[in-house]
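Everything below concerns the one structure shown next.
Just so it is clear, none of the values below were taken in a lab; they were calculated from the coordinates. Quick caveat, the model's predicted, so the values are computed rather than measured. Positions of Cβ are backbone-derived with ideal geometry, glycine not excepted, and every protein chain shown enters the neighbour counts.
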Amino acid sequence: MIHAKAYAAPAAAMPLAPFELDRRDLGPEDILVDIAFCGVCHSDLHQVRDEWGGALFPMVPGHEIIGRVAQVGDQVKAFKPGDMAGVGCMVDACRACPSCKEDLEQFCERGAAWTYNGTEMDRATRTHGGYSTRLVVDQRFALHVSPTLDPAAAAPLLCAGITTYSPLRHWNAGPGKQVGVVGLGGLGHMAVKLAAAMGAEVTMLSTSRAKEADARRLGATGFGLTSDAATFKRLAGRFDLIIDTISAPHDYNAYLGMVRRDGAMVLLGVPPTPTPVAATSLIFGRKTLGGSLIGGIRETQEMLDFCAEHKVVSDIELIPVQDVNQAYERMIKGDVRYRFVLDIKTL
Ligand code: NAP
Ligand code: ZN
Ligand code: ZN
């Protein structure tokens, strides 16, 4: 066993605290990663507070992981010690079902092995995430991160990056397309940067007037204040694609009014409770309401290579691991600019 220090939530209502755990010994296809940085995703917060139900405790969250490869198994060809490696939301999948064969492991029909708050494919061994010093993972579920990218600022690409890149690609964001991004947090700021890098025209839709200047700096050319009803009238029928990253319940119908004929709104945020959608919000204008879940391993590598080429990383606030509970409180207030990243050497 390989010992690791970590930070864990002991139970749903409890703050995170120091924790010790063992990683498995390296199998022939495994790599050992000495974790340097781990991003703090709103999904970490939903899960440590058990807002989606069925959470497993103690829980070591974290699925925006970057570190150096310390050791490799006998059969590992993709990595060597000293390489920079990234790990995102999955550490394994069945590798045999139609979704896995189409490089869409996030939709594995047997259920992917999530990086934390889940189990390995044996459905018994608990998984623990990146708020820890070391991680053992199969080489197929680790990503190559260009040494030209700042590793702390690249960590959030492993979830916020791929989660926004994948739907932008799937719904063809690019030159001549009007993209609206709802919610300027971790996912939202990556959506703005990536959509702009793809050549789309981006409008930020936010509850925070104070974030307008940042939205423009990140690449948005338009801004709409969503706490003002006039915004929904001014931008009615404007967007080919709306990327919705809001983490709390909100009225999808109002936002669908800003989608143009034959356009789509894609939900990325996972509020804990459902919200009704009126058929008429979709029927008038032949609109599509969709959703998207992270991205497969192949596409995650494509996104990392795209980010290296276009020099895209996250805007981060690097914090000691001990500050994570306060970071969660700030995240709930929308006070994030625009991703907290844990400096794992402080563990
Ligand atoms: P975040 O950094 O906290 O950002 C969320 C943003 O949403 C906030 O900054 C705020 O932006 C806006 N917002 C929050 N509460 C709101 C409310 N009550 N009404 C209106 N706007 C509100 O969160 P994140 O890490 O980007 O994650 C966002 C959501 O995506 C979470 O639910 C997370 O679980 C989910 N997620 C999904 C996937 C996937 O694969 N689909 C992957 C990762 C995360 P403004 O201040 O600009 O309004
Ligand atoms: Zn995430
Ligand atoms: Zn599968």
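Is the shape of the range 144-219 best called rounded, prolate or oblate, per the rule: a/c under 1.5 gives rounded, else a/b larger than b/c gives prolate, else oblate, with a ≥ b ≥ c the square roots of the Cα gyration tensor eigenvalues?
Since a/c reaches 1.5 but b/c is at least a/b, the shape of the range 144-219 is classed as oblate.
Of the beta bridges DSSP finds with both residues in the chain, what % are antiparallel, to the nearest 5?
55 percent
Please compute P(r) over all alpha-carbon pairs of the chain, binned at 20 Å starting from zero, and give each bin as a whole-number percent.
32, 58, 10, 0
Could you estimate the translational diffusion coefficient of the range 1-121 from the Stokes-Einstein equation, with Rh from the Kirkwood formula over C-alpha pairs, at 25 °C and 0.890 mPa s, in whole µm²/s?
It diffuses with D of about 157 µm²/s by this estimate.
Using the eigenvalues of the Cα gyration tensor, what equivalent ellipsoid semi-axes result for the range 172-315 when each is taken as the square root of five times the eigenvalue, whole Å, largest first?
For the range 172-315, the ellipsoid semi-axes come out as 23, 17, 15 Å.
Picking from S99, A12, V87, whose Cα lies most toward the positive end of the charge dipole for the chain (charges on Cβ: Lys, Arg +1; Asp, Glu -1)?
S99
Could you grab the relative contact order for the range 218-347? Cα pairs under 8 Å, six or more apart, rounded to a whole percent.
Rounded, it is 17 percent for the range 218-347.
Lys/Arg Cβ at +1, Asp/Glu Cβ at -1, dipole of the chain taken about the Cα centre: which of Y116, L282, A196 is farthest positive-ward?
Farthest along the dipole direction, towards plus: L282.
Just how many % of Cα pairs in the range 113-181 lie over 15 Å apart, if you round to the nearest whole percent?
69 percent
Only Cα pairs under 8 Å and at least 6 apart count here; give the relative contact order of the chain as a rounded whole percent.
For the chain, the relative contact order is 18 percent.
If you build a Gaussian network model of the chain, linking Cα atoms that sit under 10 Å apart, which residue out of R95, R123, R238 swings the most?
R123
For the charge dipole of the chain, defined by +1 on Lys and Arg C-beta atoms and -1 on Asp and Glu C-beta atoms about the Cα centroid, which residue among I319, Q75, G257 has the Cα displaced farthest towards the positive pole?
The one lying farthest along the dipole's positive direction is G257.
Dipole magnitude of the range 200-326 about its Cα centre, charges +1 at Lys/Arg Cβ and -1 at Asp/Glu Cβ only, in debye to the nearest 20?
620 debye
Please identify every one of the chymotrypsin sites (Phe, Trp or Tyr not before Pro) in the range 7-98 that sits in a loop by DSSP and has no more than 15 other beta carbons within 10 Å of its own beta carbon.
Hits after loop and neighbour filter: W52.
For the range 64-119 and the range 170-244, what is the separation of their Cα centres, given in Å?
Their Cα centres are 32 Å away from one another.
Give me the distance between the Cα centres of the range 254-270 and the range 25-61, rounded to whole Å.
31 Å
What do you get when you divide the Cα radius of gyration of the range 240-347 by 2.2 N^0.38 Å, with N the number of residues?
Cα-based Rg divided by the globular estimate yields 1.37.
Averaging sequence separations of C-alpha pairs under 8 Å and six or more residues apart, then dividing by the length of the range 1-42, give the relative contact order as a whole percent.
About 35 percent, as a whole number.
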